1. What dipole magnitude, in Debye to the nearest 20, does the chain give about its Cα centre under +1 on Lys/Arg Cβ and -1 on Asp/Glu Cβ?
2. Any chance you could give the angle, 0 to 90 degrees and rounded to 10, that helix 293-304 forms with the longest Cα principal axis of the chain?
3. Would you pull out the residues with amide H under 5 Å of Arg147's amide H, same chain only if 5 or more places away, H placed 1.01 Å from N?
4. Calculate how steeply helix 204-220 sits against the longest principal axis of the alpha-carbon atoms of the chain, using the helix alpha-carbon long axis, and give the answer as 0 to 90 degrees to the nearest 10.
5. Taking the Cβ of Thr253 as the center, what net charge do the other residues with Cβ under 11 Å away carry, scoring Lys and Arg +1 and Asp and Glu -1?
6. Could you rank His278, His58, His20 by how accessible they are, 1.4 Å probe, largest area first?
7. Give me the dipole magnitude in Debye, nearest 20, for segment 86-221 about the Cα centre, with unit charges on the beta carbon: positive for Lys and Arg, negative for Asp and Glu.
8. So how tilted is helix 15-26 from the main axis of the chain? Cα-based, degrees 0 to 90, rounded to 10.
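The values are calculated or read from the model by the stated rules, or taken from the named source; none is laboratory data. A quick note: this is a predicted structure, and the numbers were derived from the prediction, not measured. Cβ placement follows ideal geometry from the backbone for every residue including glycine, while neighbour counts extend to all protein chains displayed. SASA here: full protein model, heavy atoms, side chains in, ligands and nucleic acids out. Shrake-Rupley method; radii C 1.70, N 1.55, O 1.52, S 1.80 Å.
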Amino acid sequence: MQTVFTTDQVHARDRFDYWHSVACQRIVEHETIPDDRLNFGASIEVGGLGNLELVQFHNSPMQVSHTLAHSDRARSDQLFVCYQVSGSVFMAQNGREATLSAGNLTLIDPLLPYDCKFLDGSKTLVVKVPRLELRARLGRNRELVARLVRPVRVDDSLTLTLTAMLPSLAANMAPVTGEMVGNHAVDLIALSIARTLEGETARVSSSKAILLARIRTAIEARLTDSHLHAQDIADAVGISVRYANELLSAQDTSIMQLVLARRLARCRYALEDPHQGHRTVSEIAYGWGFGDLTHFGRKFKAVYGITPSECQMLARRM
């Protein structure tokens, strides 16, 4: 993580205004009222892991409002996973309120207005996730914003532990490994967020989000099976192939299209990984479930614009 701002080297009278301008640029546009402008202190660190953007910041107590005007100008391709590192913050969006204590997370949509109250000692990590990545796992569901994820279940504890580790991993991983970890983090975050609706009045949207997560998990666990069929995935999830494909159609995909996409991604990771440079293209393709090298090469080039061999050679030159 790289520190892009700290009030340590800024005159007291300018600290808040300087911080506000940087925060609007690095996090999101907002209006802020600090509890104590003259004694305001803050820092902002940024980094990345795969296709995730990371922004970690601490600040003195303050009130933040992301208004309708701000949301109209926000980036439409990202959602914010907010993880509380220390202290606490009160958040309100879409008619719901959540108080994040250390070790909790919630989902915030920058295309909707929201309000926050940061208390003393607050340190927050914002994971900016591509909207399409979460939509593929959760569907379109505004009911999932401002829901609190706490370490109640063992798998939620895993979600929160991995999210907390993302800043330390960002600077110490090869790009290929970072992308894999980022994908797994989004899988876990999506599943934990979807489960926040359990125990309430049954909602079809929540059930669909959980089923989407289970479909993706079943696919990931079976990618190496060259005889994998859509029925195998549906059976593992406990639904019909038709219903599974109906759920996935909202993300413009199907079981077998998703299988192909994940196999191609896994092969690309392997081809670009310097620690797997000794492996042949055919070994990698067969290892991830492809049974026809011609089919593999054609699909790989259609998605990535280069052949598998070219991908491997370019990685070796870097």
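1. 660
2. The helix 293-304 is inclined about 20 degrees to the chain.
3. Here Leu107 satisfy the definition.
4. Its long axis makes an angle of about 50 degrees.
5. So the surrounding residues net to +1.
6. Accessible-area ranking of His278, His58, His20, largest first: His278, His58, His20.
7. Once rounded to the nearest 20, the dipole reads 300 debye.
8. Once rounded, one gets 20 degrees.
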